[in-house]
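Okay, structure first, notes after.
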Amino acid sequence: MHDTAVLAADWISLGTGFGNDLKSLIFNVAIPVVCGLFVLVIGFKTKAPGPTIMAVIFAGIVWGLSASMGTTLKDTTTNTVNHYDGSTIRSGDQ
């Protein structure tokens, strides 16, 4: 009787799960916390409304771009694959 075990499958699923958890932790917790800390540090260091408002705007842009990065990358990748799909021949392609 031969017992076979696939050891790599457990490690791969463990790594995938850890990667997904780490990704969601970074995007849902770390980036918003760092953006908030950035605004607080700028506010306390400068004690002026102008730089603090600019820090809030910049932090909002960073946070917003990181939140929409998954959708943007998915759409861009899909468009690239569809554009370079070999099933359609465009004039001028060699």
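Quick note: the coordinates plus some simple rules give every number you see, no bench work behind them. Every value quoted in this text rests on a predicted model; they were computed, and no experiment measured them.
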**Asked** So what J values fall out for segment 18-25 if you push phi through Karplus, 6.51 cos²θ - 1.76 cosθ + 1.60 with θ = phi - 60°, rounded to Hz, Gly and Pro as x?
**Response** 5, x, 5, 5, 5, 4, 5, 5
**Message:** Multiplying the sequence separation of I26 and S13 by 0.36 nm and subtracting their Cα-Cα distance, what value in nm do you get?
**Reply:** 2.7 nm
**Prompt:** ³J(HN,Hα) across segment 53-70 via Karplus (A = 6.51, B = -1.76, C = 1.60, θ = phi - 60°), whole Hz, x for Gly/Pro?
**Reply:** 5, 5, 5, 5, 5, 5, 5, x, 5, 4, 5, x, 5, 5, 6, 9, 5, x
